[in-house]
Amino acid sequence: MKDKRIAILEARLGQKMVELVRQKGAVPFHAPALAELPDLDADAIAALVKSLEARPPRLAVFQTGVGTRALFETTDRLGVTQTFTDILGKAMVAVRGPKPTGALRARGVRIDRSAAEPFTTHEVLESIEDLDLRGQRVIVQRHGVANRELDEALAARGAEVTEIPVYRWTLPADTAPLAQLVGLLERHEMDAAVFTNAEQVRNLFAVARQIGKEGSLRTGLNATLVASIGPVASAALREAQVRIGIEASPPKLGALLSSLEQALS
């Protein structure tokens, strides 16, 4: 990886990734493509917990660790955490991966179903395919955007789905680094671009459209090594007509960087 120019679009763990690739001798360019904004309405959470007492859910699905922790921090402030955990104790609890698993175990919540790798919506649905959800309430801890695929699949099985928003994804306040990255890719001045989230792909292309360079971005990405952390990010890249050079397996940061190092060495 020595002297290879690598675009990092990760926001939350971006600096960690920058340091990791720099330690390998590469030259990172950090262009955060995502901002996470709190989207928790305490009054709505209080009302939801009260309604769940009256009509308990058959199933609760937790999709992210950060969202699960934020939800419980809100119930802590409201003084209804014990009530909420009691409700979960009488429901089936399904998790999308290890991060919500850790967050729930820290709260003493029993986990009944766990999605297998690579932890996509498909695996979540597989883990609960035997449950009869007709006429049953299902609560879903939302990640940055609504998971329409999950909601629609549950509704098709007769479930009454309630999503719990905890944070939402948006463009970062400063999009100048993203616009600069579009130019670097257009001039073929990047050796690799690393995507760790599907929304990073959409946001990068949104910035490119704003400056009239969507086609140039696509051409530039297809002329470099594109690394994806897993199937969800890869699907967004394919939708944008971008060729994927690397997809991590398992879909984790360590595996992604190891594959990238091997490909560039």
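Where a number appears in this text, it was derived from the coordinates with a stated rule and is not lab data. Keep in mind the model is a prediction, meaning the values are calculated, not measured. Here the Cβ positions follow ideal geometry from the backbone for every residue, glycine too, while neighbour counts run over all protein chains shown.
Largest first, the extents of the alpha carbon coordinates of the chain on the three principal axes equal 60, 34, 34 Å. For the chain, a Gaussian network of Cα nodes joined below 10 Å ranks ALA44, ALA91, ALA248 by mean-square fluctuation, and the top entry is ALA44.
Once both labels are positioned 7 Å from their Cα atoms along Cα-to-Cβ, the gap between LYS16 and GLU126 label points is 2.7 nm. A Gaussian network model of the chain, with springs between Cα atoms under 10 Å, assigns the largest mean-square fluctuation among ALA94, ALA208, ALA173 to ALA173.
Could you check what % of the DSSP bridge pairs in segment 38-169 are antiparallel, to the nearest 5?
On the way: 1 of 16 bridges.
That works out to approximately 5 percent antiparallel.
Rounded to whole numbers, the Karplus 3J(HN,Hα) couplings from phi for segment 173-190 are 4, 9, 9, 4, x, 5, 5, 5, 5, 4, x, 4, 5, 4, 8, 6, 9, 10 Hz, using 6.51 cos²θ - 1.76 cosθ + 1.60 with θ = phi - 60°, and x at Gly and Pro.
Full extension from GLN23 to VAL66: what is 0.36 nm times the residue separation minus their Cα-Cα distance, to one decimal in nm?
Numbers: separation 43, 0.36 × 43 = 15.48 nm, distance 2.75 nm.
Here the segment from GLN23 to VAL66 would lengthen by 12.7 nm.
Of all DSSP bridge pairs formed entirely within the chain, close to 10 percent run antiparallel. The alpha carbons of segment 211-265 stretch over 35, 25, 16 Å along the principal axes, in descending order. For the chain, lysine pairs with C-alpha atoms less than 23 angstrom apart, excluding pairs fewer than eight positions apart on the same chain, total 13. Of the options PRO165, GLN63, LEU52, report the single residue whose Cα projects farthest towards the positive end of the charge dipole of segment 38-169 (beta-carbon charges: Lys, Arg +1; Asp, Glu -1). After comparing all options, I get LEU52.
Direction-averaged projected area, Cα convex hull, segment 167-216: 3.8 nm², rounded to one decimal. Comparing GLU247, GLU239, GLU117 in a Gaussian network model of the chain (Cα springs below 10 Å), the most mobile by mean-square fluctuation is GLU239. Taking the Cα centre of each part, how many Å lie between segment 49-82 and segment 1-21? When both Cα centres are located, 35 Å separates them.
Taking all C-alpha pairs of segment 38-169, those more than 23 Å from each other amount to 23 percent.
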